[in-house]
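As structure tokens, the structure follows; a few thoughts come after it.
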Amino acid sequence: MKSLEQERRRIAELFDIAPSRVLHALAVLGVADLVGPDGTGAQALEEELGLGRENLWRLLRAAEALGVLTVDAEGGVRLLTAGTLLKTDHPGSLRAEFSDNALFTAWGPFVDCLRNGTPSYELSHGAPIFARMDDSPEELRQFHEHMRVRATQLYRPLLPHLLERCADDPVDLGGGTGGLSVLLLDASPTLQVTLTDLPAVIELIPETVRNAYPGRLVLSTGDMFTTVPAAHGTYLLGSVLHDWSDVRASELLTRCARALPEHGEIILLERVLDETGPDTRRMSDMWMMAMTGGRERSESEWAALARRSGLELREVHHGSGELAAITLSLPGADTTVHLKESAR
Ligand SMILES: C[S@@+](CC[C@H](N)C(=O)[O-])C[C@H]1O[C@@H](n2cnc3c(N)ncnc32)[C@H](O)[C@@H]1O
């Protein structure tokens, strides 16, 4: 059993915001990119970053204390494994996520959010997250850079399952700038993906992506709460429903259910929380409450949400990663008709 003193230290460490801010500063300043594979000198960093010597030195020593890099007596700086994850081009890069400051500054009024139910983001920034980002191009760009990298990392472990289950014409609803769509299109030459999102988000999709899949990537703009493209075999919603309360999520799912052909499926890529016990992913639930007014859900909560939307939860596939693929269909539907033989 831990002593009271150990518990005091543990909980004080959890409370400390400084490590998060140091990682944010390293990400924004691009320190890991500047250090490079062979290390660099603090002097070179000082010139590149334009920080005063004293402040740079203190930041580097703090980063060393977090196990991100090492600083030797001559001022030589080297990245440790955790530090390489702050590099822009690392396949598991956390740089975009850690640079996203608007999400962190939104935590200020969190207690008021708990008291009155308005998301902390809205209380802090004056508008709901997606509405505000629509008017703030830099914030929108940064958020979607973070989402695109996150999508590639979190959805990849589910890709084999998705390729087995997807009809030839899936819709990537609220697909952002295409992290999931690109994974699917790269993996299967026969898929034609319809990617939908708000107009300002679709505009951010780079030309290289638009031109990479002639005739196979269809871009569609609109508010998913009023328009969902009809009659596609599979509707994919990657990290979309956790943005919304049960009432709003059910409105959206009901709309999807109406668009769904008889044998079609809706596949949610989401966290599935433990029903009881100290699941650390409860912190993601707090993030959703604070940022969007949404929530993370357990399997029984996903099943209840499906039922209230006129749907049935058919399967929860837990991949090797953090997210699961949750399949919903119309009650009693035979959803095997479009499946490849191996998946029936
Ligand atoms: C958390 S992001 C997930 C993006 C993407 N599916 C992914 O996993 O990377 C939620 C997405 O829903 C989109 N969205 C929010 N409100 C929307 C609306 N009313 N109509 C269409 N898309 C919307 C956002 O623009 C954003 O791209």
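The values are calculated or read from the model by the stated rules, or taken from the named source; none is laboratory data. For clarity, every value in this text was computed on a predicted model and none was experimentally measured. We place every Cβ from the backbone using ideal geometry, glycine too, and count neighbours over all the protein chains shown. Just so you know, the surface numbers come from the protein's heavy atoms only, side chains and all, with ligands and any DNA or RNA stripped out. Shrake-Rupley method; radii C 1.70, N 1.55, O 1.52, S 1.80 Å.
Descriptive notes on the structure:
- Taking amide H as placed 1.01 Å from N in the peptide plane, VAL171 has its amide H under 5 Å from the amide H of THR194, THR234, TYR235, LEU236, each at least 5 places away in sequence or on another chain.
- Approximate spin-label separation THR276-ALA73, in nm, with each point projected 7 Å along Cα-to-Cβ: 5.8
- Kirkwood's formula applied to the C-alpha pairs of the chain gives a hydrodynamic radius of 22.1 angstrom.
- With respect to the chain, whose longest principal axis is taken over its alpha-carbon atoms, helix 299-308 is tilted by about 40°.
- Taking the centroid of alpha carbons for each part, the stretch 105-164 and the stretch 191-258 are 16 Å apart.
- The stretch 265-316 - percent of accessible surface contributed by carbon and sulfur, probe 1.4 Å: 51
- Taking amide H as placed 1.01 Å from N in the peptide plane, LEU273 has its amide H under 5 Å from the amide H of ARG297, SER298, GLU299, each at least 5 places away in sequence or on another chain.
- FRET efficiency for ASP33 and ARG9, using Cβ-Cβ distance with R0 set to 30 Å, rounded to 0.05: 0.35
- Segment SER284-GLU138, length gained on full extension (0.36 nm per residue, minus Cα span): 50.1 nm
- Accessible surface computed residue by residue for the stretch 4-96, with neighbouring protein chains in place and a 1.4 Å probe, gives 61 Å² per residue.
- Counting only alpha carbon atoms, the long axis of helix 53-65 and the longest principal axis of the chain meet at about 60°.
- Here the gap between SER245 and LEU49, fully extended at 0.36 nm per residue and compared with their Cα-Cα distance, gives a gain of 66.3 nm.
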